[in-house]
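A.B. asks: Could you have a look at this structure, given as structure tokens, before my questions?
Laboratory data are not the source of any read-out in this text; all were calculated from the coordinates shown. Everything numeric here is computed off the predicted structure, so don't read it as measured data. Here Cβ is always computed from backbone atoms with ideal geometry, including for glycine, and neighbour counts include all displayed protein chains.
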Amino acid sequence: MSTQVDLIIAADHPAFAGHFPGTPIVPGVVLLDEVLHALVQASGQPLQTCQINAVKFLSPLTPGESAVIDYETQANGAIRFDVLAGIRKIVTGSIVLNALP
């Protein structure tokens, strides 16, 4: 069963200052940071390390555009995730979190 978390990157986020002035898009690192933050918060444990197994950026997300992070833990412990804006897939990937003991 997958879990969803709402995501909106505000238009005044500092990452937009130099990320394509006039036609801003959310930088990939900001999207991955939001995914990681949502996964760590859901785990309820402090994060020591993480391993990104795969990530694909498929479509741009614009400032203030509404999206969701949809994720599910796989049998091998990896967390499969998608960032979606409506039916449009923005990012897809797989990550492993390693919590502090």
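A.B. asks: Using the Cα centre of the stretch 44-98 as the reference point, and only Cβ charges (+1 on K/R, -1 on D/E), how large is the resulting charge dipole? Debye, rounded to the nearest 20.
C.D. replies: So the dipole magnitude of the stretch 44-98 works out to roughly 140 debye.
A.B. asks: Karplus couplings for the stretch 55-65 from phi (6.51 cos²θ - 1.76 cosθ + 1.60, θ = phi - 60°), rounded to Hz, Gly and Pro as x?
C.D. replies: Going residue by residue, I get 8, 10, 9, 9, 7, x, 10, 9, x, x, 6 Hz, with x marking Gly and Pro.
A.B. asks: Around residue 59, under 14 Å between beta carbons, what's the net of Lys plus Arg minus Asp minus Glu among the other residues?
C.D. replies: In short, +1.
A.B. asks: Kindly express, to the nearest 10 degrees and within the range 0 to 90, the angle between helix 28-43's C-alpha long axis and the longest C-alpha principal axis of the chain.
C.D. replies: 40
A.B. asks: OK, next. Over the chain, what is the mean sequence separation of C-alpha contacts under 8 Å (at least six apart), divided by residue count, expressed as relative contact order in percent? Let's see the in-between values first.
C.D. replies: Working: 171 pairs, mean separation 33.6, N = 101.
It comes to 33 percent, rounded to a whole number.
A.B. asks: Another question, if that's okay. Considering amide H positions built from the backbone, and no H for Pro or chain starts, which residues 5 or more places from residue 65, or on another chain, come under 5 Å of its amide H?
C.D. replies: Placed amide hydrogens put 9 under 5 Å from residue 65.
A.B. asks: Okay, next question. Which of (1) 26; (2) 55; (3) 52 is the computed percent of Cα pairs over 23 Å apart for the structure on display?
C.D. replies: (1)
A.B. asks: Still on this structure, I have one more. Helix-only mean residue ellipticity at 222 nm, the chain, DSSP H runs n ≥ 4 weighted -39,500 (n - 2.57), per residue, nearest 500. What is it?
C.D. replies: Calculated mean residue ellipticity at 222 nm is -5500 deg cm²/dmol.
A.B. asks: Can you give the net charge of the other residues whose Cβ lies under 14 Å from the Cβ of residue 42, counting K and R as +1 and D and E as -1? Mind dumping the intermediate values first?
C.D. replies: Working: positive: 80; negative: 6, 34, 70, 72.
Within the 14 Å Cβ shell, the charges total -3.
A.B. asks: How do 83-90, 37-44 rank on mean C-beta neighbours within 10 Å, highest first?
C.D. replies: Result, highest mean first: 83-90, 37-44.
A.B. asks: If you place +1 on the Cβ of every Lys and Arg and -1 on the Cβ of every Asp and Glu, how big does the dipole about the Cα centre of the chain come out, in debye to the nearest 20?
C.D. replies: Around 260 debye, computed over the chain.
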